[in-house]
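Below is one structure, written out as structure tokens, with a few remarks after it.
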Amino acid sequence: MGLFDSTTFQNLQNGLKGAAMEQKAISENIANVDTPNYKAKSAQFQHTLDDAIQNEKMNANRTNNKHIEFGNNASQAYLSKDQSTMYNNNGNNVDIDKEMADSAKNQIYYNAMTDRLSSKFSSLKSAVRGG
């Protein structure tokens, strides 16, 4: 096991990837706010993090090297489209106020993840220096 193979680092990395994916979806939604028949997208990644937190250790055995690996990469984040609503007469369902609020919320989440990651690296730095 390497220095950076811990579950915490993996979960933080997945959280940052998910937040980046969410920001990309929000940006696309804002860019297409006036595009006819455009459906708002959102990233679905929170379930992966919740699963990783709940099942800190996921034990499984591969019986063949061609099988898919088990672990944190078993479930992936994905983008989904909201087909259930329509806010504009042109078939577009992007609510700019909701997108701006989601962007702010995602930014707070991303900052929390980077602060936690920075803290982990500071701890490692302190350990290496002998402090």
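Going through (1) at pLDDT below 90; (2) part of a helix (DSSP H, G or I); (3) out of contact with any helix residue (DSSP H, G or I) (no Cβ under 9 Å at 6 or more places or on another chain) one by one, Gly2 falls short only on (2).
Could you check, for segment 47-65, whether at least one of its residues is out of contact with any strand residue (DSSP E or B) (no Cβ under 9 Å at 6 or more places or on another chain) and at pLDDT 85 or above? No, segment 47-65 contains no residue that is out of contact with any strand residue (DSSP E or B) (no Cβ under 9 Å at 6 or more places or on another chain) and at pLDDT 85 or above.
Remark: pairs (first residue in segment 25-44, among the hydroxyl-bearing types (Ser, Thr, Tyr); second residue in a loop (DSSP other than H, G, I, E, B) and open to solvent by less than 50 Å² (accessible area, probe 1.4 Å); Cβ separation under 8 Å; 6+ apart in sequence or on different chains) = Thr35/Asn92; Tyr38/Asn32; Tyr38/Gly91; Tyr38/Asn92; Tyr38/Asn93; Tyr38/Val94. Residues that are touching a helix residue (DSSP H, G or I) at 6+ places or on another chain (Cβ under 7 Å) and open to solvent by 70 Å² or more (accessible area, probe 1.4 Å) were ranked within segment 86-131; the one that is farthest from Asn32 (Cα to Cα) is Arg116. With respect to (1) assigned to a loop (DSSP other than H, G, I, E, B); (2) open to solvent by less than 90 Å² (accessible area, probe 1.4 Å); (3) at pLDDT 65 or above, the lone exception for Gly71 is condition (3).
The values are calculated or read from the model by the stated rules, or taken from the named source; none is laboratory data. Bear in mind that the values here come from a model prediction, so they are computed numbers and not experimental data. Here the Cβ is made from the backbone with ideal geometry for all residues, glycine too, and neighbour counts use every protein chain on show. The area values use the complete protein model at the heavy-atom level, side chains included, leaving out ligands, DNA and RNA. Shrake-Rupley method; radii C 1.70, N 1.55, O 1.52, S 1.80 Å.
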